[in-house]
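Q: Let me begin by handing over the structure; questions about it come next.
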Amino acid sequence: MKKIINNPTDVVSEALMGMQAAYPDKLVSTFEKIYTDYVNREVSDMVATYAQYGQTYTKKEVREMLYPDGSDKTYIEESAKKAAYQYIVVKLTQKALGIEYTDEDYAADLEQIAKDYTSYYGVEYTAKEIESLYGEEVMRLSFIETLVTDTLLDRISGAPEIPQSGTSES
């Protein structure tokens, strides 16, 4: 029988990360749903915008204007694949840096975004409205990605400056 060398508390998360790395297509399908929803929402919004100005278009017509020759499918597939790999990189980096992100962190970040939207747009936004606009998965990934990036920047900000080639510092 093989022994588990890793920290026993990390076995499940490491197994999931391994599955995502080994089977990115399953992860891609999750992101395809997100991008499909995005495209559908964009099409619906444009139909409504045209209607405000007295122009009537079907969703199919607007989809063709926004994404000629079925390019919406290409956009969805390419965006989903990129997002899946980005997700894996962010999650692996998060783990390597030892960054924890709790449900409480998520709720606080969502509240802050709602306040920022309210301040910027002058219309009251709630955390739930923000979450419904983008989806929980997208919001969580965005917050974690920002946290990972900020942590990396903090860690390298104290590093000595690397001289550029061609400088005359001696």
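The values are calculated or read from the model by the stated rules, or taken from the named source; none is laboratory data. Remember, predicted model here, so these are calculated numbers, not experimental data. In this analysis, Cβ positions are derived from the backbone assuming ideal geometry, glycine residues included, and neighbour counts consider all displayed protein chains. Quick note on the areas: whole protein, heavy atoms, side chains included, nothing else; ligands and nucleic acids left out. Shrake-Rupley method; radii C 1.70, N 1.55, O 1.52, S 1.80 Å.
Q: Output the qualifying pairs, or none if there are none: Cβ atoms under 6 angstrom, residues six or more apart or on different chains, first residue in segment 62-85 and in contact (Cβ under 8 Å) with a residue 24 or more places away in the chain and under 20 Å from residue 138 (Cα atoms), second residue open to solvent by 30 Å² or more (accessible area, probe 1.4 Å) and of a type in the set (S, T, N, Q).
A: Hits for this filter: 76/36.
Q: Do you know which of the residues in segment 10-64 that are modelled with pLDDT under 85 and of a type in the set (Val, Ile, Thr) is surrounded by the fewest Cβ atoms within 10 Å (Cβ to Cβ)? Don't jump to the end; show me each part of the working.
A: Going residue by residue through segment 10-64, those that are modelled with pLDDT under 85 are 10-31, 34.
Still in the running and of a type in the set (Val, Ile, Thr): 11-12, 28, 30, 34.
Working: 11: 11, 12: 9, 28: 20, 30: 14, 34: 17.
That would be 12.
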